[in-house]
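Inspection log for the structure reproduced underneath, given as structure tokens.
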Amino acid sequence: NNIIMIDGAEGSLLRFFNVFTKRGDTVVYLNPSFGMYKLYCKMFKLREKPFQVKLDKNFLFFEKLIKHIKKTKPKVLAIPNPNQPVETMLNFKQLNYLCKLTQEMNAYLVLDEAYYYFHNISSQKLYKKYNNLIIIRSFSKAFGLAGLRIGYSISNKKVIDCMKTIKPIYEINAINIKILNFFIKNIHIMKKNVEEINKSRIYIKNNLKKINLEVFGS
């Protein structure tokens, strides 16, 4: 009742924007970030109010984001956690505050957790508490299965049922489901992949520093 399988994370975003927004609604998203937020805003004729993320180690990301939200009063707040290509990360307390703030504003909070497995801070415990929260996950990153085009959304039953109304019957094929089932039953493969990526991330960061290149985030 609380999960819908869809063709990738962008498929989840597409279904959400299609069902829950109307022309002229204000959308806040991070810039730079996943390019589909901007694209879907243009597709559905929405008012874009991007929040500029700065390459500054002293940048007060969360505090300034809250001010931006209160100023723009969006219908939708779309936040990847963590964000790429400029890294920002919210802790659980901050995620809870965003849920509460957006609910009080009668706005939807779309939390894109495509990179969740790389820092393990999730809003999943909050979807039953807040009826405006939609969590988006993907098998493309930590699992390394981008070619399968499979993702999923987590939310309350009412939101999921609404998203199902425009879901194609044959969206995910049987072969991809079998491959995905194999990886879920052998979750250690994903965990090993994440471990190797984390090691290579540290290796690259350290070697960039050796040639005097400044590195932001991890």
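Of note:
- Residue within region 140-162 that is modelled with pLDDT under 90, surrounded by 17 or more Cβ atoms within 10 Å (Cβ to Cβ) and part of a loop (DSSP other than H, G, I, E, B) present: no
- For Val194: the one exception among (1) within 26 Å of Leu126 (Cβ to Cβ); (2) part of a loop (DSSP other than H, G, I, E, B): (2)
- Odd one out for Met5 among (1) open to solvent by 10 Å² or more (accessible area, probe 1.4 Å); (2) touching a residue at least 12 places away in the same chain (Cβ under 8 Å); (3) not in a strand (DSSP E or B): (3)
- Residue ID - modelled with the highest pLDDT, chosen from residues in region 116-134 that are of a type in the set (Phe, Trp, Tyr) and touching a strand residue (DSSP E or B) at 6+ places or on another chain (Cβ under 7 Å): Tyr127
- Candidate set: region 55-64, residues that are in a helix (DSSP H, G or I) and touching a residue at least 24 places away in the same chain (Cβ under 8 Å); chosen: the one surrounded by the most Cβ atoms within 10 Å (Cβ to Cβ): Phe61
- Just one of the listed residues (Lys42, Lys49) is over 16 Å from the mean Cα position of the chain (by Cα) and either crowded, with 16+ Cβ neighbours inside 10 Å or closer than 25 Å to Tyr117 by Cα (or both), and it is Lys49.
- Restricting attention to region 11-25, the residues that are open to solvent by 10 Å² or more (accessible area, probe 1.4 Å) and in contact (Cβ under 8 Å) with a residue 60 or more places away in the chain add up to 4.
The values are calculated or read from the model by the stated rules, or taken from the named source; none is laboratory data. Note that the structure is predicted; figures quoted are calculated from it, not measured. Quick reminder, even Gly has a Cβ in these numbers, built from the backbone with ideal geometry, and neighbours come from all protein chains shown. The area values use the complete protein model at the heavy-atom level, side chains included, leaving out ligands, DNA and RNA. Shrake-Rupley method; radii C 1.70, N 1.55, O 1.52, S 1.80 Å.
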